[in-house]
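Written below as structure tokens is the structure these notes are about.
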Amino acid sequence: MKAILGGTFNPPHKGHIFAALKAADEIGITHVHLMPCKLAPHKSVGVSETHRVKMIELCAQTNERLIPELIELSLPSPSYTVKTLRALKEKSADTICFFIGADSLYNLDKWYEWEHLLDYCHLVVMRRDDEIFSPPPAVQTWLDCHVTREKRVIHEKPAGHVLLIDTPLYSVSSTEIRDVLSGIAKPAKADVLNRSSINGWLEEDVLKYINEHQLYKS
Ligand code: ATP
């Protein structure tokens, strides 16, 4: 079984890592693969693919449970999760647990061939905010057919289920971190980058890398 967290990781933060490892613990998986997607040039906010990969590698170097998975970067642009999952399945028949934050379900019906995602994987949904969970009707109807809270199901079946996991709430996003780094965010938010604070949301090596390369400066 292979656990994958796909994302932009622009930059990767501890919200990604804590939530994914907690979800992995809940379903009894040791490793989580961090899989960066390709970004359209207008969305790269000044940070190259090379930098995003390097920051993911730094996270993996400090935590042996994390593994970079770079397949999506070798596929044609733009990234489509369903095509990536298909490509992963061509490489290996392993069951895939694709981790996503609950916020992703709010626009899942805009994803390319979204109704085919479960042909290739189980979706493992991590908590993202305190809101009552209410995705759009098309997604809700689809969820009603596939959702489970039974963890054993994803070990018994090769694909086709959506597992909701009540991971703790890690209130941080890459946008918030970029805003602090570029000076857009209010000073109170600067706390998210305070390394000595328990609220420090960036891995120390990632923050060092960002500073060294002057990333996200406006
Ligand atoms: P941005 O703010 O740039 O949109 P992001 O912080 O949401 O970025 P992504 O790299 O886009 O990070 O997220 C990849 C996946 O990780 C998504 O499924 C997202 O919902 C999930 N995720 C990101 N941050 C958290 C978090 N703090 N807790 C749980 N899941 C998260």
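The values are calculated or read from the model by the stated rules, or taken from the named source; none is laboratory data. The model shown is predicted, which means the values in this text are computed figures rather than measured ones. Here the Cβ is made from the backbone with ideal geometry for all residues, glycine too, and neighbour counts use every protein chain on show.
Annotations
- Conditions (1) outside any loop (DSSP other than H, G, I, E, B); (2) within 13 Å of the ligand (Cβ to nearest atom); (3) of a type outside the set (A, V, I, L, M, F, W, C); (4) over 21 Å from Leu143 (Cα atoms): number failed by Glu57: (2)
- Comparison of Val124, Val172 shows that the only residue that is among the β-branched types (Val, Ile, Thr), within 28 Å of Val82 (Cα to Cα) and at pLDDT 95 or above is Val124.
- Leading residue by the ranking (nearest to Ile177 (Cα to Cα)) among those in region 11-33 that are at pLDDT 95 or above and within 6 Å of the ligand (Cβ to nearest atom): His16
- Once region 72-108 is narrowed to residues that are loosely packed, with under 15 Cβ neighbours inside 10 Å and either within 16 Å of the ligand (Cβ to nearest atom) or of a type outside the set (Ser, Thr, Tyr) (or both), the residue that is nearest to Val162 (Cα to Cα) is Asn107.
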